[in-house]
Amino acid sequence: MSKRDAVLIIGGGLLQAPMALEAQRLGLLPLVTDRNPHAPAFAHAYEHHILSTSDVEGHVRLVESLRQWEPTTGVHIIGVVTCGADVAPTVAAAAHAAGTPRIPLEVARMTHDKAAVRIALDTAGLARYQPRWLWRRETCTRHLEAEVAETCSYPCVVKPVEQRASRGISLVQERQALSGAIRKAFEYGATYLIEEQLRGTEHSVEGIFDTDGALLWLNIVDRFFDYSSGVPIETGHVNPGSLVPRIGTAVDRMFGNVAHALGVTWGPFKMDTLVTPEGHPKVLECTARLSGGWDCQGTSPMTARNPMRALLQLACGLPVDAPLTWKPLQGYSACAAILPQVTGMVRALPARWPQMVMSYPQEVMWTIRPGDTIAPATHNGERAGFVLAHAQTYADAWHRAKSAADALADAVEVIP
């Protein structure tokens with residue numbers, strides 16, 4: 001590996017900053033793109049470019065320009081990656097332009113489209129892994145209300161096709177609320193899904209396939225949600241999760257079957273899943289990337305496992321460390337969201353840990369700062385921050401993270 005070998009990291013937010021630091025530890029030059037000129041990961045970049053992460057053609061032009069100037073700069077792109085950002089088509093196209101390892105662009109596009117995923121899984125005979133669903137672009141009519149009642153039943157979930165972090169999602173309890181939910185979904189795109197609302201426990205399943213299609217990394221975390229506002233707000237997770245071996249094996253099998261059906265045989269793949277009370281795993285969403293929510297970035301490394309490092313090595317054509325699934329687990333870690341239940345302007349963030357949680361070892365990441373206007377979160381992109389904690393037991397890890405997050409939420413100073 002040359003001292004001027006670089007990796008292009010698409011996305012410069014808080015969730016991509018740890019990947020830029022990991023690239024540095026591998027001796028790579030992080031080149032980071034984001035449309036935000038003040039993106040946090042830019043602080044760790046060798047070079048940054050202000051460019052929207054959804055601008056596929058812009059990233060292809062950027063790669064071509066960097067390659068053109070390589071004889072002068074000596075900077076050679078040997079990989080393209082992201083984590084926690086839903087930009088699989090951008091990553092695939094930029095990697096193709098750079099001539100680096102990647103998944104095919106058509107596969108990346110499919111995993112980015114929730115309706116295309118539903119169609120592909122039904123076509124592959126995997127309807128058992130799916131809720132009952134409809135794909136629509138029409139406004140609400142009595143005919144549609146009746147079709148939903150017959151096909152999906154109420155309550156149901158309405159969601160935009162190409163959004164993440166619960167943006168535009170509504171939990172529809174009865175027929176009369178369907179019209180408003182569809183109008184909300186239209187704010188985020190021209191098409192939407194209506195799905196049966198499943199009951200059960202929720203989990204995130206994350207994996208990385210090597211060049212031979214074998215799993216380098218497979219992990220399941222338990223996810224917790226608050227549905228009281230009519231929108232699924234994730235309050236946190238514990239890593240690794242607590243599924244009994246029989247159910248965990250069924251989830252693992254579903255992960256492999258779904259990835260194969262979608263054509264993902266290389267690189268990262270992530271599924272949001274639900275396990276019904278009867279023990280049947282279901283696919284809620286999936287995409288060709290590493291996780292967000294401080295899973296691969298924080299709680300996995302806290303237990304001495306680092307999927308970001310493995311993906312960087314794989315995407316850059318470097319020797320990959322021993323499969324992470326072989327590594328001994330070191331305790332449990334948890335992430336809890338900081339969720340102030342107030343509306344107003346932030347005057348100050350807590351300067352010190354509240355006394356009740358000062359003895360706990362934690363990391364805190366704020367997404368708000370003084371001067372910001374806040375309100376109770378309406379989707380997962382509006383959480384005020386996160387607390388990460390580690391302990392030797394599952395229960396202790398969650399208690400430490402959640403109690404600290406709740407205390408910090410109460411301590412945020414807000415001007416009404």
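The values are calculated or read from the model by the stated rules, or taken from the named source; none is laboratory data. These numbers come from a predicted model, not from an experiment. Glycine also receives a Cβ, built like all others from the backbone with ideal geometry; neighbour counts cover every protein chain displayed.
Here is how the numbers come out for the structure above:
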| quantity | calculated |
| --- | --- |
| Residue under evaluation HIS143, criteria (1) farther than 13 Å from LEU193 by Cβ; (2) assigned to a helix (DSSP H, G or I); (3) within 25 Å of the chain's Cα centre (by Cα), criterion not met | (3) |
| Residues of region 209-231 satisfying the condition of being buried (at least 19 other Cβ atoms within 10 Å of the Cβ) and assigned to a strand (DSSP E or B) | PHE209, LEU216, TRP217, LEU218, ASN219, ILE220, VAL221, ASP222, ARG223 |
| Top-ranked residue in region 213-240 [being closer than 23 Å to ALA250 by Cα and among the charged types (D, E, K, R); ranked as nearest to the chain's Cα centre (by Cα)] | ARG223 |
| Every residue from region 28-47 that is crowded, with 20+ Cβ neighbours inside 10 Å and within 17 Å of ARG4 (Cβ to Cβ) | LEU28, LEU29, PRO30, LEU31, VAL32, ALA45 |
| Hits in region 190-205 (condition: at pLDDT below 95 and part of a strand (DSSP E or B)) | TYR192, LEU193, ILE194, GLU195, GLU196 |
| Cβ-Cβ under 7 Å pairs, at least 6 apart or on other chains, region 116-139 side crowded, with 18+ Cβ neighbours inside 10 Å, far side among the aromatic types (Phe, Trp, Tyr) and not in a helix (DSSP H, G or I) | ARG118/TRP133; ARG118/TRP135; ARG136/TYR192 |
| Residue selected from region 300-342 under the condition modelled with pLDDT under 90 and not in a loop (DSSP other than H, G, I, E, B), by the criterion surrounded by the fewest Cβ atoms within 10 Å (Cβ to Cβ) | TRP326 |
| Residue check, SER179 outside any loop (DSSP other than H, G, I, E, B) and in the same structural domain as ASN219 (by TED's automatic domain parsing) | no |
| Members of region 370-397 found to be of a type in the set (A, V, I, L, M) and over 18 Å from VAL238 (Cβ atoms), listed by number | ILE374, ALA375, ALA377, ALA384 |
| Flag if VAL264 is buried (at least 24 other Cβ atoms within 10 Å of the Cβ), in a loop (DSSP other than H, G, I, E, B), at pLDDT 95 or above and not charged (D, E, K, R) | yes |
| Subset of region 388-413 (residues that are crowded, with 18+ Cβ neighbours inside 10 Å and acidic (Asp, Glu)) | ASP406 |
| Test: residue in region 272-289 that is crowded, with 19+ Cβ neighbours inside 10 Å, of a type in the set (A, V, I, L, M, F, W, C) and touching a Cys at 6+ places or on another chain (Cβ under 9 Å) | no |
| Residue match in region 146-153 (condition: touching an Asp or Glu at 6+ places or on another chain (Cβ under 9 Å), farther than 27 Å from THR287 by Cα and assigned to a helix (DSSP H, G or I)) | no |
| Selection within region 379-401 - at pLDDT below 90 and over 20 Å from GLY12 (Cα atoms) | HIS379 |
| The listed residue being surrounded by 22 or more Cβ atoms within 10 Å (Cβ to Cβ) and among the basic types (Lys, Arg), out of LYS159, LYS184 | LYS159 |
| Which listed residue, of PRO370, PRO376, is in a loop (DSSP other than H, G, I, E, B), surrounded by fewer than 17 Cβ atoms within 10 Å (Cβ to Cβ) and modelled with pLDDT of 95 or more | PRO370 |
| Single match in GLN16, GLN68 (criterion: over 25 Å from ILE368 (Cβ atoms) and either surrounded by 15 or more Cβ atoms within 10 Å (Cβ to Cβ) or without any contact (Cβ under 8 Å) to a residue 12 or more places away in the chain (or both)) | GLN68 |
